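Heads up: the structure comes next, in structure tokens.
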Amino acid sequence: MNVKKIIYNRIFGAMIAAGIPPHFKPNVCQSTKIQFGDYQINGIISIAKQLGQSPNNLAQKIIQYLNLNAIASKVEIAGPGFINIFLERTWLSQQATKISQLPYLGIDKPLMSKTIVVDYSSPNVAKEMHVGHLRSTIIGDAIVRTLSFLGHNVIRANHLGDWGTHFGMLIAYLTQYKNQYNDKNISLADLEMFYCKAKCKYDEDEGFVKLARDYVVKLQNGDINCRKIWKKLVDITMNQNQKIYDRLNVTLTSKDIMPESLYNDMLPNIVHDLIKKGLAVNIKGTTIVFLNEFKNKKDQPMGVIIQKNDGGYLYTTTDIACAKYRYEKLHADRMIYYVDSRQHQHLQHTWSIVRKAGYVPESVTLEHHAFGMMLNKDGIPFKTRSGSTIKLAHLLDEAVERTFIIMKQKNLRMSQQELLNLSEIIGIGALKYADLSKNRTTDYIFDWDNMLALEGNTALYMQYAYTRVISIFRKLDIDIDSLSGNSNIFITQEQEAQLVIRLLQFEENVIQVAHDGTPHLMCSYLYNLAVTFSRFYEKCSIIAVNNNKIRQSRLQLALLTAKTLKQGLDMLGIKTVERM
Ligand code: ARG
């Protein structure tokens, strides 16, 4: 049930009938204030301006042709050219009854499902994931869940950084010092330390530099021994990262790893092809693509290196190949990248080359869903006291420990183990929600106290709200499954109408989140729904009401609310519990 779309179509029809050229599209929004009705049409002022008409006249004309019979009880013009729409209560109750009887909360699956490749998480081998990877991992996963719910063919692409010159250093180091380390017990933290040591050696020892370079070449040429060591580095890294994904309730598995090395064999041909197409030039052994639409500091066309003079390829070269692969081999209709906003330039350069070379047609979108940084209370990047980046694993531990302390104070009747399990669900959920509820495009301040607050748009509030709805059924000794479907929904009070409208808005909200990659809209939707439900529950008694039809209707509304909250939180990858 997409109320917004229904209204959009009717308004658009009226605009055409009123003689407005079809490239002008209506801007339908949920009303910001109750006195503006349930939906408002904005943007008429700007259309009127372009057509040289008065906004008020234009709005009048649109209304003349607007057919919202049975859907709206009132349509009015407010101010200069705003149209407010008040929905008809009977229509609302019919629609609510309808969605309560349909699967998937009445959400229509798209007629044509798309193949959508989502590039997310994408950590690097021999490095622990840090807070920056948290954002990509959980925002990406929320969108993957949302797109899958809508019935799209979603391909998760974990673009693991497993290739490049630093593997030469690591292999050289491990080969030289192999006796010092017990091969079996190397952890990811050890690898990170080896890498630091290898880097130091690389910076001061000429012989080591040569050795490392030789190993890179050997690795690229498929030397069995090098590949073996490299494979081990990858396995150690991803075994540890998989544990983090599982803890985070993120759907990535080892099957989703599409590492940088996957594109290695494509790189020589791509460089040739770009030269052949006249896009790349060779300057003293270095192959460069000059992009006119981007300027360097000297205001000259930006030069993007795709092959160094020692033959090595770059991050950009791999990403060019990767986009080509995703189109040609995976048949992507849409590609979304959840990558730090600092890599925006890199992706823009890459895609500009990809488009010019004709590797991905314009009909396939390449979308960078960028995100900002996580800052501490003082507004500076989140770091440990000693100034190093915070490892993701430590962040998760701290979230769970802090939750455990709070839960313990509540004296819940639970065993230590149950309390630990609950703290894991709540702590991780809270950490994720604190991030997902912020608009991803900007930096945000992370604060432990806010994260675990009970009031406001927080995970705890949402999880409590869910258990509160569920507890209604428990109190009445009603089995939720026995309820599904058959009673009609009636609107007798304003609070019921408000709740019904919110419930009906779930679909348009899901569509928006799937389109823009903005889980924070889902968070605020769910928060509003929970608040609207408590207002409804305060005013509209379920237990004490005598009229059985009304009681059944209200139970149905409570059930729909519970299902919507659960489904919405599930799309965010946040677990719910039945009791807290
Ligand atoms: N591995 C990179 C990093 O940790 C992110 C990769 C993003 N994806 C891509 N196709 N470039 O910063």
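Structure summary
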item: Nitroxide proxy distance, nm - points 7 Å out along Cα→Cβ at residue 196 and residue 64; result: 7.6
item: Linear extension gain, residue 228 paired with residue 383, 0.36 nm per residue minus alpha-carbon span; result: 52.3 nm
item: Leading residue at positive end of dipole, segment 367-459 (Cβ point charges), from 453, 390, 400; result: 400
item: Where labels lie 7 Å past Cα in the beta-carbon direction, separation of residue 486 and residue 114 in nm; result: 4.2
item: Relative contact order (%) - criterion: Cα under 8 Å, at least six apart; region: segment 1-153; result: 19
item: Listed residue (136, 148, 3) projecting farthest to the positive dipole end of segment 1-154, Cβ model; result: 3
item: Gyration tensor (alpha-carbon) shape descriptor, segment 308-347, a/c threshold 1.5; result: oblate
item: Ranked packing of 346-356, 59-69, 118-128, most packed first, by mean Cβ within 10 Å; result: 118-128, 346-356, 59-69
item: Quotient of C-alpha Rg and 2.2 N^0.38 Å, computed over segment 28-78; result: 1.19
item: Taking segment 101-217 and dividing mean pair separation by its residue count, relative contact order in percent (alpha carbons under 8 Å, at least six apart); result: 30
item: Normalised convex hull volume, segment 417-490, alpha-carbon set, Å³ per residue; result: 164
item: About the Cα centre, charge dipole magnitude for the chain (Lys/Arg +1, Asp/Glu -1 at Cβ), debye; result: 560
item: Student exercise, segment 206-275 dipole from Lys, Arg, Asp, Glu Cβ charges, in Debye to nearest 20; result: 340
item: Pairs beyond 24 Å (Cα-Cα), from 539/563; 178/228; 5/549; 4/33; 74/566; 127/383; result: 5/549; 74/566
item: Taking segment 119-182 and dividing mean pair separation by its residue count, relative contact order in percent (alpha carbons under 8 Å, at least six apart); result: 42
item: Dipole axis of the chain (+1 Lys, Arg; -1 Asp, Glu on Cβ), positive-most option in 343, 291, 176; result: 291
item: Cα Rg, Dmax, the chain, angstrom units; result: 28.0, 88
item: Rg [Å, one decimal], Dmax [Å, integer] - segment 141-236, C-alpha atoms; result: 17.5, 56
item: Efficiency of FRET between residue 531 and residue 341 - r from beta-carbon atoms, R0 30 angstrom, step 0.05; result: 0.45
item: Cα centroid of segment 84-138 to Cα centroid of segment 378-410, whole Å; result: 29
item: Cβ-placed point charges (K, R +1; D, E -1), dipole of segment 438-512 about Cα centre in debye, nearest 20; result: 60
item: Distance between segment 35-69 and segment 432-458 - C-alpha centres, whole angstrom; result: 38
item: Full-extension gain in nm, residue 405 to residue 34, via 0.36 nm per residue minus C-alpha separation; result: 129.4 nm
item: Ellipsoid equivalent to segment 253-383 - semi-axes via the Cα gyration tensor, in Å; result: 26, 21, 15
item: Zero-based 10 Å bins, Cα pair distances in segment 1-135, whole percents; result: 10, 31, 23, 17, 12, 6, 1
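Any read-out appearing in this document is the output of simple, stated calculations on the displayed coordinates, not a laboratory observation. Given the structure is predicted, the values throughout are model-derived calculations rather than measurements. Heads up, the Cβs are rebuilt from the backbone with ideal geometry, glycines too, and the neighbour counts pull from every protein chain shown.
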